[in-house]
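J.: Structure below; questions to follow.
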There are 2 protein chains.
Amino acid sequence: MDAFTGELGSGDRLLMAAIDLIAEKGYNGVTTAEIASAAGLSEKTLFRHFGSKLNLLESAIDRFRYAEEMRQLFEGKLVWDLESDLYAIGVKYHEIMNRNRKLLMISIKDEAHLPGLKERKMQHPHQLLDFLDRYFRTMAEKGKIANGNPRMLAFTFLMANFGAFINDLEAGENYPGIGLDSFIRESVKIFARSVAR
Amino acid sequence: MDAFTGELGSGDRLLMAAIDLIAEKGYNGVTTAEIASAAGLSEKTLFRHFGSKLNLLESAIDRFRYAEEMRQLFEGKLVWDLESDLYAIGVKYHEIMNRNRKLLMISIKDEAHLPGLKERKMQHPHQLLDFLDRYFRTMAEKGKIANGNPRMLAFTFLMANFGAFINDLEAGENYPGIGLDSFIRESVKIFARSVAR
DNA sequence: TATGTCTGTCAGTACTTACTGACATTGTAT
DNA sequence: ATACAATGTCAGTAAGTACTGACAGACATA
């Protein structure tokens with residue numbers, strides 16, 4: 001039936017409610033009764049499905065992990081024009097990070113309960129850093145950008161976007177007049193000018 | 001006596017222990033007994049001093065708030081050489097942010113308990129953004145850097161440093177081979193090249 | 001109809017934890 | 001010596017919360 005109606009099963013409704021509430025209030029800040037109620041189910045059903053609160057959280061993380069997404073960036077077709085490529089990478093980066101926003105929030109707030117989650121979350125940036133590093137090297141070999149310190153260029157670009165993401169993440173409308181898209185566009189120009197020949 | 005020995009009074013010991021533990025485990029993740037014990041005092045003494053757990057946290061925030069520190073950046077003597085000035089600002093920024101690290105962590109983890117703290121914490125970046133904006137404008141007027149979008153340049157510089165700080169903050173040694181000081185130096189060079197004439 | 005599955009209700013247990021009151025102890029100042 | 005201020009000990013209360021067991025109703029399938 002679900003396959004036809006598109007409705008979610010009880011298990012998934014509980015997992016989604018758990019992600020929402022724990023991301024907002026933290027693991028210790030939310031009760032199992034609250035989660036069940038947000039899912040429109042009884043607390044008893046929650047325990048029948050998951051046995052314990054901790055297992056509910058772990059299941060939720062497993063279920064909503066967008067594990068390999070950062071690889072999309074690697075598969076995206078590059079056109080070997082610095083500004084175009086950096087812009088596309090920036091847009092994709094924020095797209096993925098925003099989709100993972102709630103899990104990120106949980107991994108920040110409740111690292112104590114979740115050994116290993118933080119480490120797994122950090123694999124993505126590492127992959128992206130290596131990718132950008134190689135990209136800049138290749139661009140230099142092609143003679144399209146100046147020689148320099150490609151790894152630090154990659155790292156700074158990554159940190160700028162990470163900072164912008166975190167800033168939005170926890171504060172919403174923090175800097176009036178500065179939107180995400182204009183930030184991506186302008187910051188790409190800044191980096192592009194820095195390595196122009 | 002304290003004035004001579006340099007020892008802290010009971011109240012301050014409790015406040016420090018509270019900051020340490022709440023930053024690490026979150027408000028709901030730590031008990032009053034734990035805090036008192038970490039301060040080497042009894043739980044009873046904690047309540048005699050502060051009355052309630054929440055009031056303890058609020059007092060701790062008041063006590064250890066480095067409210068006006070970001071202004072030091074404004075008073076720091078600029079030499080109107082782009083690389084020197086940006087480097088000095090970067091170093092000072094991380095110095096201040098690191099000193100505020102624990103309060104920052106609390107404001108991220110437990111915003112729920114502390115309405116208004118997040119807002120106060122955001123005043124600093126705004127001031128710094130305005131300051132950088134004006135600095136770049138002046139540099140352009142002096143003919144020392146190219147004309148462009150000073151506000152976005154300031155914002156990107158700020159975000160890069162913020163991202164690097166947060167990255168260290170929650171993950172420690174995340175990117176092997178990339179230390180804070182080398183990041184500041186190299187990122188400054190990247191931004192400087194971007195606006196060189 | 002009969003059976004199995006999923007769910008709700010309700011009462012309850014065991015544990016944690018913020019917070020209190022009564023009283024003793026220690027050290028300091030007068 | 002006496003009074004006072006700060007602290008400890010200990011027992012305890014009240015509330016919250018993760019988690020359970022017993023039972024019943026709804027619904028689909030055979």
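J.: For the structure I just gave you, tell me whether B:LYS77 is within 16 Å of DNA strand D (Cβ to nearest atom) and either crowded, with 19+ Cβ neighbours inside 10 Å or not hydrophobic (A, V, I, L, M, F, W, C) (or both).
T.: Spelling it out, it is not the case that B:LYS77 is within 16 Å of DNA strand D (Cβ to nearest atom) and either crowded, with 19+ Cβ neighbours inside 10 Å or not hydrophobic (A, V, I, L, M, F, W, C) (or both).
J.: For residues that are part of a loop (DSSP other than H, G, I, E, B) and more than 21 Å from the chain's Cα centre (by Cα), scanning just the stretch B:128-172, find the one that is nearest to the other protein chains (Cβ to nearest Cβ).
T.: Across the stretch B:128-172, the extreme among qualifying residues is B:ASN149.
J.: Quick check, is B:LYS102 over 30 Å from B:LEU21 (Cα atoms), open to solvent by 60 Å² or more (accessible area, probe 1.4 Å) and part of a helix (DSSP H, G or I)?
T.: no
J.: Answer yes or no: is there a residue in the stretch B:20-38 that is among the charged types (D, E, K, R), within 23 Å of the chain's Cα centre (by Cα) and within 16 Å of DNA strand D (Cβ to nearest atom).
T.: yes
J.: A further question on this structure: From B:MET70, B:MET16, B:MET97, which residue is modelled with pLDDT under 90 and either among the β-branched types (Val, Ile, Thr) or surrounded by 17 or more Cβ atoms within 10 Å (Cβ to Cβ) (or both)? Explain how you work it out, then say what you get.
T.: Numbers: B:MET16 fails: modelled with pLDDT under 90; B:MET97 fails: modelled with pLDDT under 90.
Being modelled with pLDDT under 90 and either among the β-branched types (Val, Ile, Thr) or surrounded by 17 or more Cβ atoms within 10 Å (Cβ to Cβ) (or both) holds for just one of B:MET70, B:MET16, B:MET97, which is B:MET70.
J.: Go through the stretch B:27-53 residue by residue and tally those that are within 12 Å of chain A (Cβ to nearest Cβ) and in contact with an Asp or Glu (Cβ under 6 Å, 6 or more places away or on another chain).
T.: Adding up the residues that qualify gives 1.
J.: Yes or no: A:LYS142 touching a residue at least 12 places away in the same chain (Cβ under 8 Å) and over 17 Å from B:ASN167 (Cα atoms)?
T.: For A:LYS142, the condition - touching a residue at least 12 places away in the same chain (Cβ under 8 Å) and over 17 Å from B:ASN167 (Cα atoms) - is met.
J.: Kindly list, by first and then second residue, each pair from a residue in the stretch B:106-119 that is in a helix (DSSP H, G or I) to a residue that is open to solvent by 60 Å² or more (accessible area, probe 1.4 Å), limited to pairs with Cβ atoms under 6 Å and residues at least 6 apart or on different chains.
T.: Partner pairs satisfying both residue conditions: B:ALA112/A:LYS25.
J.: Restricting to the stretch B:60-99, what's the tally of residues that are part of a helix (DSSP H, G or I) and either touching a residue at least 60 places away in the same chain (Cβ under 8 Å) or touching an Asp or Glu at 6+ places or on another chain (Cβ under 8 Å) (or both)? Working first, answer last.
T.: Here is the first cut: in the stretch B:60-99, the residues part of a helix (DSSP H, G or I) are B:60-63, B:71-75, B:82-99.
Among the residues that remain, those that are also either touching a residue at least 60 places away in the same chain (Cβ under 8 Å) or touching an Asp or Glu at 6+ places or on another chain (Cβ under 8 Å) (or both) are: B:63, B:82-83, B:86-87, B:90-91, B:93-94, B:96-99.
Number satisfying all stated conditions: 13.
J.: Right, here's the next one. Would you tally the residues in the stretch A:173-194 being open to solvent by 10 Å² or more (accessible area, probe 1.4 Å), more than 7 Å from chain B (Cβ to nearest Cβ) and under 17 Å from A:LEU86 (Cα atoms)?
T.: Residues in the stretch A:173-194 being open to solvent by 10 Å² or more (accessible area, probe 1.4 Å), more than 7 Å from chain B (Cβ to nearest Cβ) and under 17 Å from A:LEU86 (Cα atoms): 6 in total.
The values are calculated or read from the model by the stated rules, or taken from the named source; none is laboratory data. Computed from a predicted structure; not experimentally measured. Heads up, the Cβs are rebuilt from the backbone with ideal geometry, glycines too, and the neighbour counts pull from every protein chain shown. Keep in mind that these areas ignore ligands, DNA and RNA; they rest on the heavy atoms of the full protein, side chains included. Shrake-Rupley method; radii C 1.70, N 1.55, O 1.52, S 1.80 Å.
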